[in-house]
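The next block holds one structure in the form of structure tokens; read it before the comments.
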Amino acid sequence: MDDEESIRKITKKMVELFGYDVILTNNGQEAIDAFMDATNENKKFAGMIFDLTVKGNIGGEEAINEIRKICNETPAFVASGYSGDPIMADPQKHGFTASICKPFTKAELSELLEKYLNTETKREI
């Protein structure tokens, strides 16, 4: 989930190179809706990546708070260019599995996903 189209597209390409299917959302509410739709269809996400702040809409913190009411097991990552934000420094305290600073490289994203995702099963992210 990211409100910037260029970041969504680049991240999608990187994640697809790692063998995952990708669902893109523009804001937190769309991310919540996509997660709920998948849950209702008995599908599981391998993981989720959230932009921390979305101008004029629900950002990553609010979205993960809603999703965590339903599911605590799916890895969720917060991504932001605000590296000094308290959520980036302590993502677990805020419902996230880990954080990644923007702009991130393909290698940094790969390392994050390999560390926290079950790479044996191809699922959506």
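Bear in mind that the values in this text are calculations on the coordinates, not laboratory data. In this text, all values refer to a predicted model and were calculated from it rather than measured experimentally. Cβ coordinates were reconstructed from backbone atoms using ideal geometry, including for glycine residues, and neighbour counts include every protein chain displayed.
A few notes on this one:
- In this calculation the C-beta distance from residue 21 to residue 101 is compared with R0 = 30 Å, giving a FRET efficiency of 0.75.
- Pairwise FRET efficiency - residue 90 versus residue 118, Cβ, R0 = 35 Å, nearest 0.05: 0.90
- For the chain, a/c is less than 1.5, where a ≥ b ≥ c are the root eigenvalues of the C-alpha gyration tensor. That puts it in the rounded class.
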